[in-house]
1. What list do you get for T73, T297, T186 if you sort them by fewest beta carbons within 10 Å?
2. Taking a cut-off of 18 Å between Cα atoms, list the aspartates and glutamates near K332, but don't count ones fewer than 8 places away on the same chain.
3. Multiply the residue separation of K332 and Q178 by 0.36 nm, subtract the distance between their alpha-carbon atoms, and state the gained length in nm to one decimal.
4. Could you tell me which residue out of G288, Q133, P278 lies farthest along the dipole of the chain toward its positive end? Charges go on the beta carbon: Lys and Arg +1, Asp and Glu -1, centred on the Cα centre.
5. Would you work out which of G145, P312, N22 lies farthest towards the positive end of the dipole of the chain, given +1 charges on the beta-carbon of Lys and Arg and -1 on that of Asp and Glu, about the Cα centre?
6. Evaluate the charge dipole of the chain about its Cα centre and quote only its size in Debye, nearest 20, assuming +1 on the Cβ of each Lys and Arg and -1 on the Cβ of each Asp and Glu.
7. Between Y40 and residues 5 or more places away or on another chain, which pairs have amide H atoms under 5 Å apart, with H built 1.01 Å from N, and which residues are they?
8. With θ set to phi - 60° and the Karplus curve 6.51 cos²θ - 1.76 cosθ + 1.60, what are the ³J(HN,Hα) couplings of region 297-311 in order, to the nearest whole Hz, using x for Gly and Pro?
Amino acid sequence: MGLDREQIVELLNEKDPQVVSNLFAEAYRIKVETVGEEVYLRGLIEISNICRKNCLYCGIRSDNSTVNRYQLTKDEVLDAAKFAIDAGYGSIVIQGGERHDKAFARDIRKLIKKIKRLSRENPLGITLSLGEQPLEVYEDWFDAGAHRYLLRIETSDNQLYNMIHPSDPIHSFNSRVQALLDLKYTGYQVGTGVMIGLPFQTAGHLADDLLFFREFDIDMCGMGPYIEHSQTPMWSLRTLLLPPEERLSLSLKMVALLRLLMPDINIAATTAMQTLHPEGREMAIMAGANVVMPNMTIQQVRKEYKLYENKPGIEDDAAISKSRLEHFLNEKNIPIGWNRWGDSLRFRNR
Ligand code: SAH
Ligand code: SF4
């Protein structure tokens with residue numbers, strides 16, 4: 001759809017509830033027309049909170065000494081994968097802190113291979129979200145059988161990026177962009193995204209983020225509200241933030257506008273939206289999202305993977321979070337793509 005930057009900014013600032021609800025309805029209509037009615041599931045495994053980075057917004061940044069660091073064992077990850085197979089999720093996402101040691105790269109490769117073997121009869125789609133890695137590592141994991149990768153640009157504005165990250169070589173905007181290019185070059189379906197409602201972020205920045213996604217020609221997108229965490233440097237900027245309901249509403253508008261700009265990509269209804277409202281993910285689906293990532297991380301470590309505070313579902317297990325969502329989708333007559341990968345249509349058509 002031919003929305004220009006000015007129109008996008010105007011819609012992001014739109015306050016009239018009728019205009020906003022028309023925008024959501026139009027995005028939903030376009031979604032159904034283009035990628036279909038189905039919502040696809042990806043069981044989320046938070047494999048480890050050990051991270052070498054120090055992003056100024058993130059609860060598991062390396063300088064946060066109040067976090068108990070964990071790493072799931074191979075068997076714990078395989079149990080989660082089995083759960084996903086039995087539950088009919090079709091795909092999993094392995095997400096965690098960024099590590100660069102050789103043992104880590106090797107262990108992830110082995111895990112991917114094991115999951116492939118485990119799901120021989122009904123292969124699980126495997127998405128990774130393990131940060132910036134050298135091209136060889138991306139290639140190695142791709143060869144092992146991973147086929148989708150999520151790496152958020154966080155913000156497409158170089159200056160704002162520098163404000164929310166330490167200024168050192170491992171937190172550089174250019175290497176983030178390079179990593180996204182490397183992922184595309186390797187052959188992954190590439191997902192990126194941004195945080196919405198960051199301090200100093202304007203509607204103009206967000207419009208540029210959407211245009212960045214289109215320019216980069218992404219396959220998938222996961223974006224959600226920024227949520228302050230008391231054990232991070234950005235906590236001190238919390239008075240500059242929009243109220244939670246406005247951050248959520250802005251996030252929903254971003255989903256809807258992206259659906260209009262890129263009708264055939266996969267867009268996730270993210271957990272951070274659910275943090276700001278119990279039905280935040282459901283609202284995102286009604287605004288054009290078509291992917292949900294139920295959390296399957298085992299209870300014992302869930303509370304240690306807090307990128308932000310008040311993360312929902314910390315007490316739930318995977319089946320409970322699944323059934324609540326399922327109930328909503330059933331009520332709305334929205335089908336779930338059980339046992340299907342639900343790959344990005346844009347990627348398939350490219
Ligand atoms: N380490 C990997 C994956 C885990 S972090 C990576 O950084 O890519 C996954 C995402 O969580 C990040 O991309 C960021 O957008 C989001 N995140 C981190 N802290 C957050 C916060 N305080 N509020 C909202 N989202 C946050
Ligand atoms: Fe590490 Fe990702 Fe958190 Fe940054 S956002 S500190 S890379 S887990």
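1. Listing T73, T297, T186 from fewest to most nearby Cβ atoms yields T73, T186, T297.
2. Cross-link targets: E26, E33, E37, E38, E279, E282.
3. Full extension from K332 to Q178 adds 51.3 nm.
4. Among G288, Q133, P278, the one farthest towards the positive end of the dipole of the chain is Q133.
5. G145
6. 980 debye
7. V291, V292, G337
8. Coupling constants for region 297-311: 5, 4, 3, 4, 10, 4, 5, 8, 9, 9, 5, 9, 8, 6, 4 Hz.
No value in this document is a laboratory result; all are computed from the given coordinates. Remember, it's a predicted structure, so these values are computed and weren't measured experimentally. Glycine also receives a Cβ, built like all others from the backbone with ideal geometry; neighbour counts cover every protein chain displayed.
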